[in-house]
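Worksheet for the structure shown next.
The values are calculated or read from the model by the stated rules, or taken from the named source; none is laboratory data. The structure displayed is predicted, hence computed values, not measured ones. Positions of Cβ are backbone-derived with ideal geometry, glycine not excepted, and every protein chain shown enters the neighbour counts. Calculation scope for accessible area: heavy atoms of the full protein, side chains included, ligands and nucleic acids excluded. Shrake-Rupley method; radii C 1.70, N 1.55, O 1.52, S 1.80 Å.
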Amino acid sequence: MSFPLLTVTAALPAVGAVATAAVPAARRTAAKWLALLVSLATLVLAAVVLIRFDPGGARYQLTESHAWIPDFGVRYELGVDGIGAALMALTALLIPFVIGAGWHDADDLEGERANRRWRPTQGFFALILAVEAMVLVSFAATDVFLFYIFFEAMLIPMYFLIGGFGDRAHAAGEEEGAKQRSYAAVKFLLYNLAGGLVMLAAVIGLFVVSADSLGQGTFSLPELLKARASGDLAMATSTERWLFLGFFVAFAIKAPLWPLHTWLPNAMGESTAPVAVLITAVVDKVGTFAMLRFCLGLFPEASSWATPVVLSLALVSVLYGALLAVGQRDIKRLVAYASISHFGFIILGVFAMTSQGQGGATLYMVFHGISTAALMLVAGFLISRRGSRLIADYGGVQKVAPVLAGTFLIGGLATLSLPGLAPFVSEFLVLVGTFSRYPVAGIIATAGIILAALYVLVLVQRTMTGPIRRPEIEKMPDLKVREVAVVAPLVALLLFLGVFPKPLTEIVNPAVEHTLSDVQKKDPKPQHPVAEHAGSDDKPAGHGGGDHE
Amino acid sequence: MIGLLVGVPLLGAAVLLLGGRRLDRSGHWLATLLAAASFVIGAVLFASMLGEDAESRAMHSKLFSWVPVEGFQADVAFQLDQLSMTFVLLITGVGTLIHLYSVGYMEHDPKRRRFFAYLNLFLAAMLLLVLADNFLLLYVGWEGVGLASYLLIGFWQHKPSAATAAKKAFLVNRVGDAGLAIAIFLMFTTFGTFAFAPVLSAAGEAGEGKLTAIGLMLLLAACGKSAQVPLQSWLGDAMEGPTPVSALIHAATMVTAGVYLITRSGAIFNGAPDAQLVVVIVGAVTLLFGAIVGCAKDDIKKALAGSTMSQIGYMILAAGLGPIGYAFAIMHLVTHGFFKAGLFLGAGSVMHGMNDEVDMRRYGGLRKHMPVTFVTFGLGYLAIIGFPGLSGFFSKDQIIEAAFGKGGTEGWILGAVTLLGAAITAYYMTRVMLMTFFGEERWRKAPTPSPAEPDVEPAAETRGAYTPPHPHESPKIMTIPMIVLAFGSVFAGGLFKAGESFVGWLEPVTQFEHGHSPVSATAVTAATIVALVLGVGAAYLQYGRKPVPALAPRGSLLTRAARRDLLQDDFNHVVLVSGGTHLTRSLVYVDNKVVDGAVNGTAASFGGLSGRLRRLQNGFARSYAVSMFGGAAVLIAATLLMRAV
């Protein structure tokens, strides 16, 4: 038996979470360092996963399979394709930044209660690691039931992170803040639980169907896919559609897709910036990932059937999220609505059913994670300095804190997909992929890039430029060493992947081809294909440049 | 080698931005040196290119595969042919002079290092734009130019007006960028690629409808960067940036990008006459629009901005004429690069000596105080109005001739518009010249706010007790670039025209055909000169013979509209800004009350679940566990049921 790399990668943060939680109350700093080291070690393991993954190899690699509940065909099955490997890497990459940025987030909760057993710092970092472990399993699980359990279970630590450690910077005072926080946490939990229940019904349904036609029910994705391809696993059209809907609704809530998005602005607005990053950059990606992995693979016919509606909702998300971002007065809610717009792009790419669209959507998940982390974490640094989330409370920050303003601008430019930064590559691929099959949808979505420029630049203008109008800003310090250490690698990654995304596209491409063959779609062919432009290296180009004579 | 052209200034930008305060004292020289190095590399490549046959001058170099996805191949690869070479020399040459000038102009600015970093970034982006060998990489340069202009226009971002102008420039440009993106999508779905060589050589095979669509989208892109109607509104506001930036945007980079794009995509436009017609119309409208606006502005930089818009209109018009115009569009672009850069640097020099005053009604008689500026600005002036023998004369005359050469009624209309434009150009430029350098020294008197632009604050020094400025000549580091540019303004046109050398140089790339002009070349030249004399004469009667009032007269309806940029901002405000504000506000309301309300309502209707749960906060893990168990129970029940049947 080979080394269970995926299990170890996911288990490490889980063990780390327990260990962090067990650190004695007095040794808070030790708990922080422990959590950071565990997250860095996990990052190393995730990097090993990426390196060990062979783009030319089997569809699912590094597989592990053990019987778990044989009566129900539930197995402990792990394996990654390129998409899963890339997203595991993203998760493992972002957690150290989340921990570094949230270094002091739990500090002011210390001493809030007389109870000695109250250890907020340990709790905060343990919960973050717990979320990481669960997300990693979700990206690696190839057993539908196993996936479902972790998809649901991650809600619990997230709930406590939002409700227990939320943002203290509230305009209406501490008491109102606490109310808003618990409202946001409850809303997050209920919304996602509701989706989870629908999915549970569909999971059971899937088991029933597989038991029906295969004789032995199974949750194993590779087996189900094989049975789908060979025709052994037959489903009535209506059954397939119902099951698709059950899965899709749960993922669309998590993603989130309009009109199931309203929990996100509350959750992101009320939680601390690092937790907001955890929500939008890490946890939500499980939703879009699952659409690619489960919805398209298991229910190809239903996916095609639902495509027009899904694309329309995605388009609404793109424009609606962007327009609402323009209208926000709260920095974090603005980023939340921008994320809704971006998730619209991702879902658009997934359901455009082209290599460019789905490849772009996968890259989009990774790059959006990095760019939102950069923007949101700097926004968090800004908010912690001034104690307010309202855009109107800022202005002229550029003058006193140029590094903060500069990194904020870069995060913003990444969010509006400026070429040269990573998100441009993915957004352009999604748009090209959408356009080649659905030209009108592609054009409408392109309007989103104009709106993105609007909400980002208005935010930058109102917070960073102009004269300083408030005394609190005059004394505002620039980024500290710890903060620069958090932001600089993210900025460097955005630049590097914007110029050289090839390592990632190589890993993702084969997985996308598999997914497309699951749904039996081929890329639309160009109308007047140009023979391989082999000559581009030596032939002069020019007008009517067919100068072969 | 080609990559170095882009890489050298890009390196400069990176070093200056990351280098920190250590580079505050030397950074500007480093940036200037790197810009010059880029020019030298360009010149070396130019020399080696001249050694080749006309047909085999294009050079290619592929650096690496950028975005390889199934069916979609984008490379970071460069193509240097005669067209790109022309731009490279213009961008790096004029760019270096502007760097040099800025050393003097920005001497006392605390953020000088950052300014030079942005200048280098601007050059790098523009070079990438003209050197890319495919439309996607061009798009990177295209938006990079947008970013650099955003940073530079908003350089004095503590001024709200500068920050707003920067944002506006970027946004308006983004609309054009979206057009370029859609054009690339169309190329991809039509040809399966968006590299220049295959797309342009296969353009003939695609249907006219496809080519028209691609052409119109490219035109939209060009309108954004080149400030053509209807995306012109950012250009005037962009004057909020430091004056060298204006020179850079108007002469060497940015606004020329649209002309480049259309000329580069000539094969597409040649197959789409409808798109060409729209290009020509846009050019004609803009050339009059800009000229009219230029007549009404009292702000010297804004008058020059109107003039840029108008001159670029000439180029776009010429490019829309097809093979009879491409070469002339580029030729005018180059000569314009010389004299417009010279004019802006001259304007900056005037402002430098006048405490940053920009209102020409508060200038007057400056020729005695700043002789070098006067002479260089004057030569630029003569060049732009097309004084016989100077650069602008040759290049503009060719465009007018080509416009007539379009043939038919269109030809007559276009010819008439270009002639009219020439007359108006002569008028407003003479006005600028007279108001600035001739007449009474109005700056000796305390100023009154200009009624044309009451919201424009006078420079800080002129507020409070009035002390008249002490106009003086600028230091050598500023005047030398002006002198070099003046040489270009005088001789470039004649040099290009001699033996049709410029047209011959570009022909392998842009092709060339002679138009069938119904009027002889001599007649066109004569008409141009008549237009010139009329324009100059009218301005002289109005501003040379009579004293210039310190307060602008109310003026006719047209004058007042022109002062407000022909109501462009009023239009945008009513249609886009207030409409958009209402839309976003109502959407925010809808999202909170309706979409979210529905959710909360649903939750509440489940037996007040949300309310109860809210009270039971501490028991969440428990209620979650209950629901998990509930789910498991359902699962088990379902399985048992399955086994039973």
Which residue is modelled with the highest pLDDT, if the candidates are limited to the stretch A:509-545 and must be open to solvent by less than 20 Å² (accessible area, probe 1.4 Å) and at the interface with chain B (Cβ under 8 Å from one of its Cβ atoms)?
A:V512
Spot the failing condition for B:I480; the list is (1) over 27 Å from B:A402 (Cβ atoms); (2) of a type outside the set (D, E); (3) surrounded by 20 or more Cβ atoms within 10 Å (Cβ to Cβ), and only one is missed.
(3)
Leading residue by the ranking (nearest to the other protein chains (Cβ to nearest Cβ)) among those in the stretch A:403-419 that are assigned to a helix (DSSP H, G or I) and of a type in the set (A, V, I, L, M, F, W, C)
A:L413
Restricting the stretch B:207-219 to residues that are buried (at least 23 other Cβ atoms within 10 Å of the Cβ) and touching a residue at least 40 places away in the same chain (Cβ under 8 Å), which is farthest from B:L171 (Cα to Cα)?
B:L211
Do we find a residue being at pLDDT below 90, farther than 25 Å from A:S426 by Cβ and within 14 Å of chain A (Cβ to nearest Cβ) anywhere in the stretch B:22-45?
yes
List pairs: first residue in the stretch B:470-487 and farther than 15 Å from B:L97 by Cα, second residue assigned to a loop (DSSP other than H, G, I, E, B) and open to solvent by 50 Å² or more (accessible area, probe 1.4 Å) anywhere in the structure, Cβ distance under 7 angstrom, at least six positions apart or on different chains.
B:P471/B:H369; B:H472/B:H369
From the list A:R469, A:R462, A:R482, which residue is away from chain B (no Cβ under 13 Å) and over 23 Å from the mean Cα position of the chain (by Cα)?
A:R482
Given the condition part of a loop (DSSP other than H, G, I, E, B), touching a Leu at 6+ places or on another chain (Cβ under 8 Å), within 11 Å of chain B (Cβ to nearest Cβ) and crowded, with 24+ Cβ neighbours inside 10 Å, answer yes or no: does some residue in the stretch A:420-436 qualify?
yes
Output for the stretch A:128-147, where each listed residue is aromatic (F, W, Y) and either open to solvent by 10 Å² or more (accessible area, probe 1.4 Å) or over 17 Å from A:A250 (Cα atoms) (or both)
A:F145
Quick check on the stretch B:61-68. Is at least one of its residues over 30 Å from A:G82 (Cβ atoms), within 14 Å of chain A (Cβ to nearest Cβ) and out of contact with any Lys or Arg (no Cβ under 8 Å at 6 or more places or on another chain)?
yes
Of all residues in the stretch B:571-580 being more than 8 Å from chain A (Cβ to nearest Cβ) and open to solvent by less than 50 Å² (accessible area, probe 1.4 Å), which is nearest to B:V293 (Cα to Cα)?
B:N572
Looking at the stretch B:358-388, which of its residues are in contact with a Gly (Cβ under 7 Å, 6 or more places away or on another chain) and small (G, A, S)?
B:G364, B:G365, B:G380, B:A383, B:G386
Does A:V512 satisfy being farther than 28 Å from A:R329 by Cβ and more than 23 Å from the chain's Cα centre (by Cα)?
no
Filter pass, A:G215 being among the small types (G, A, S) and within 14 Å of another protein chain (Cβ to nearest Cβ):
yes
Hey, among the residues in the stretch B:171-208 that are part of a loop (DSSP other than H, G, I, E, B) and facing chain A (nearest Cβ under 7 Å), which one's modelled with the lowest pLDDT?
B:A206
In the stretch B:154-162, is there at least one residue being more than 10 Å from every other protein chain (Cβ to nearest Cβ), at pLDDT below 95 and either within 14 Å of B:P244 (Cβ to Cβ) or open to solvent by less than 10 Å² (accessible area, probe 1.4 Å) (or both)?
yes
For B:E143, which of the numbered conditions (1) within 10 Å of chain A (Cβ to nearest Cβ); (2) not in a helix (DSSP H, G or I) fails to hold?
(2)
Determine if the stretch A:151-167 includes at least one residue that is more than 11 Å from chain B (Cβ to nearest Cβ), assigned to a helix (DSSP H, G or I) and surrounded by fewer than 19 Cβ atoms within 10 Å (Cβ to Cβ).
no
How many residues does the stretch A:299-332 hold that are assigned to a helix (DSSP H, G or I) and over 24 Å from A:P439 (Cβ atoms)?
7
Filtered residue count, the stretch A:392-418, keeping only those that are touching a residue at least 60 places away in the same chain (Cβ under 8 Å), touching an Asp or Glu at 6+ places or on another chain (Cβ under 8 Å) and open to solvent by less than 10 Å² (accessible area, probe 1.4 Å)
2
Only one residue in A:L197, A:L225, A:L189 is surrounded by fewer than 22 Cβ atoms within 10 Å (Cβ to Cβ), facing chain B (nearest Cβ under 8 Å) and on the phi < 0 side of the Ramachandran plot, so which one is that?
A:L197
For B:R112, work out the one condition from (1) away from chain A (no Cβ under 11 Å); (2) within 26 Å of A:F408 (Cα to Cα); (3) buried (at least 24 other Cβ atoms within 10 Å of the Cβ); (4) not acidic (D, E) it doesn't fulfil.
(3)
Taking A:G359, is it open to solvent by less than 10 Å² (accessible area, probe 1.4 Å), closer than 30 Å to A:A85 by Cβ, touching a helix residue (DSSP H, G or I) at 6+ places or on another chain (Cβ under 7 Å) and more than 11 Å from chain B (Cβ to nearest Cβ)?
no
A:P13 passes all but one of the listed conditions (1) buried (at least 19 other Cβ atoms within 10 Å of the Cβ); (2) of a type outside the set (G, A, S); (3) at pLDDT below 90; the exception is number (3)
Take A:V203 and decide whether it is within 12 Å of chain B (Cβ to nearest Cβ), within 18 Å of A:T142 (Cα to Cα), in contact (Cβ under 8 Å) with a residue 24 or more places away in the chain and touching a helix residue (DSSP H, G or I) at 6+ places or on another chain (Cβ under 8 Å).
yes
Kindly provide the set of residues from the stretch A:241-262 that are in a helix (DSSP H, G or I), more than 14 Å from every other protein chain (Cβ to nearest Cβ), touching a residue at least 60 places away in the same chain (Cβ under 8 Å) and buried (at least 21 other Cβ atoms within 10 Å of the Cβ), ordered by number.
A:F244, A:F248, A:K254
Which condition does B:L506 not pass, out of (1) modelled with pLDDT of 85 or more; (2) away from chain A (no Cβ under 14 Å); (3) open to solvent by less than 10 Å² (accessible area, probe 1.4 Å), if it passes all the others?
(2)
A:S210 being over 22 Å from the mean Cα position of the chain (by Cα), open to solvent by less than 10 Å² (accessible area, probe 1.4 Å) and of a type in the set (S, T, Y)
yes
